[in-house]
Each structure stands twice: as C-alpha cells, then as structure tokens.
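Worksheet for the structure shown next.
The values are calculated or read from the model by the stated rules, or taken from the named source; none is laboratory data. Just so it is clear, the structure is predicted and the values come from calculations on it, not from any experiment. Neighbour counts are summed over all protein chains in view; Cβ atoms, including those assigned to glycine, are modelled from backbone coordinates with ideal geometry.
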Amino acid sequence: MKVEPSWYLVLSALLFTIGVAGVLIRRNAIVLFMCVELMLNSVNLSFIAFSKLNGDLNGQILSFFVMVVAAAEVVVGLGILVAIFRKRSSTSVDDVNLLKG
Amino acid sequence: MTALHAGTVLAATTSAQRAELIFFIVLAPLSVVTALGMVLNRHAVYSALLLVVNFFCLAAFYVFLQAQFLAAVQVIVYAGAVMVLFLFVLMLLGISREDVLRETIRGQRPAAAILVVLLLAGTMWALFAHPFSGPGVDLTRVANNDNVRAIGQLLFTRYVFAFETTGLLLVVAAVGALVLAKRHMRARARGGATREAAAPQGAAREEEPVP
C-alpha cells in the first residue's frame, strides 16, 4: 500500500471545502482572508498533485504564480482592512454595509 | 550483481513509499484538523497559528510530491511572510476579544452548511466517478534530477512574460498598500480641532492624485 497522487486530490478537495465553509460562516474579515489563503493553498496542492500525476512541471509553475498572486492579494487586502478598521473600528464584514439597499 | 542492485533499489523505494505513507497518515488528518480548528476557533490569533501548522503540513506534502522548490517557497512565503503579516495586522488592530457569533443575515448558517455539503459532494463525486488513478510519474527524471533548475528554466523561457507580469503585480500591490496606509496618515495629521470642517474637503481633495 502506497500513497497515490489521487489521495492528495481528495485531501485538497477537503481543505478547499473547509475554506469555503469558513468564508461563508465567519464574519471577521481577517479570518476570512485566512480562509481564502487556505483555499488557494488547497488549489496549489491539487496543482502539484496533478503535476506529479502527469509528470509535467507546468503545474508547479502555475502553483508558483498562484503563490505570488496570493501574496499580492494579502498585502492589498490587509491594507484595505486596516483602512476600514480606522474608519469603523471593526473588522466584521457585516459592518461594512454602505452599499446595502 | 544487477539483480542485487535492483533488489536494493526496490527495497529503497518501498521504504521511501512506507515513509510517505506514514507521513501522509499523520499529516493529512493533522492538516484537516488544523483547517477545521482555524475555521471554528473564535480567537483570530489561534486561527493564524493553526493556519501556520497547516502550511507546514502542505510543505511536507509538496516534498513528497517532488516539488522541493515549492516546499521551500511555501515555508518562506506563506509560513514566513504572509502569516507574519497576518499576525502584524492582528496585533495592530488589537483584536484580543472574541468574534461575534450572532447571525446578522437570517438563515445564513443553514444555507452555508447546505452549500458546503453540496460542494463537498460535487467534488468527491468528480474525484471518485472519474478517478485520477495511477502511481504518478517520477518527476526527478522529468526535472533531470534538479527541481529548482528545471523550474527556473521553465520560468525564464516559456513563462518569462508571466514572470515579469507578476513582478509588476507585486510592485503595484506594494504601492497600493503604501497609498492605503499613507492617506490615513495624512488625514490624521490634518485632523484635530477643525476635523469636522476639514475632513470632507480633505478627503475629496485627496481622492484626486490617487488615480
């Protein structure tokens, strides 16, 4: 019995689902960002598992680009979060309701 | 002699596979548990620390999937830089109190649970109905026994435009974060005694140079 690359795909699907659940359930914007990071990481894991499965390094390259974009996203997102916190002194996404009809 | 060599190679591969199996059995539940703990924990700092453990688990998986370079990048960029940034913001905003857990939108939690179960069922169906079976390819041969060199060669030949674009993206992100922080510093410096009168004007005037 040995570890198949498809096991990593199942694990990646589980982690992605947990991240989605976090985004849907939690209200704290920082925790929301962490859940988004979890989802991006699970997608990276599936990219790398597919890379192993197909013997193709392009999956690893794509995973690398996902990491770069995630880093940029975190920088800008946390900047916006700090700006919102200074205006509203809250990080709950439900308090940012200016567009509410 | 060749039979002996083949036998030792076979033994070596099986022991490596056994090690991978043991690590997977330990680390896969650990990563799922830390992810669940991150979602369910009410303290954001504990969530961040659990996420760090999760990132280290993923880095170990990357090593077993023969992505050594990405395992190093995962530890340096995610477990290092990104999580330090998260913790900095947590400390900066001083969120030591627990998260409010009341529902503000009626029926959101049940709807979320249903959607999550549907998503999990859909992905599992996709994975098990059309199974991606196969032992996988030994990437050391594809990468010519040097993962970092192979990735570098791909990155600077076929993907050089995308690589430069991500550099531009990072510059834009850094400048954007700076602008977001600096606008508030200026607004705060201008505020004070005449804050009520000056703030709308100042805010309107500061919007102009940004685009």
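Okay, residues lined up against (1) part of a helix (DSSP H, G or I); (2) farther than 29 Å from B:Tyr46 by Cβ; (3) in contact with a Cys (Cβ under 7 Å, 6 or more places away or on another chain):
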position	(1), (2), (3)
A:Ser12	yes, no, no
A:Leu15	yes, no, no
A:Gly19	yes, no, yes
A:Asn44	yes, no, no
A:Asp56	no, yes, no
A:Ile84	yes, no, no
A:Asp94	yes, no, no
A:Asn97	no, no, no
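Among the candidates A:Ile61, A:Ile30, the residue that is buried (at least 19 other Cβ atoms within 10 Å of the Cβ), more than 14 Å from the chain's Cα centre (by Cα) and outside any loop (DSSP other than H, G, I, E, B) is uniquely A:Ile61.
Residues that are modelled with pLDDT of 90 or more and within 29 Å of A:Lys2 (Cβ to Cβ) number at least 1 in the following helices (runs of 4 or more DSSP H) confined to the stretch B:38-103: B:44-64, B:68-73.
For every residue, the table says whether it meets (1) under 12 Å from the mean Cα position of the chain (by Cα); (2) surrounded by 20 or more Cβ atoms within 10 Å (Cβ to Cβ); (3) of a type in the set (Val, Ile, Thr); (4) on the phi < 0 side of the Ramachandran plot.
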| residue | (1), (2), (3), (4) |
| --- | --- |
| B:Thr34 | no, yes, yes, yes |
| B:Leu65 | no, yes, no, yes |
| B:Val75 | yes, no, yes, yes |
| B:Gly80 | yes, no, no, yes |
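Residues that are touching a residue at least 40 places away in the same chain (Cβ under 8 Å) and in contact with a Phe, Trp or Tyr (Cβ under 6 Å, 6 or more places away or on another chain) were ranked within the stretch B:105-161; the one that is nearest to the other protein chains (Cβ to nearest Cβ) is B:Ile151.
Filtering the stretch A:1-13 to residues that are more than 13 Å from the chain's Cα centre (by Cα) and touching a residue at least 12 places away in the same chain (Cβ under 8 Å) leaves A:Pro5, A:Ser6, A:Tyr8, A:Leu9, A:Leu11.
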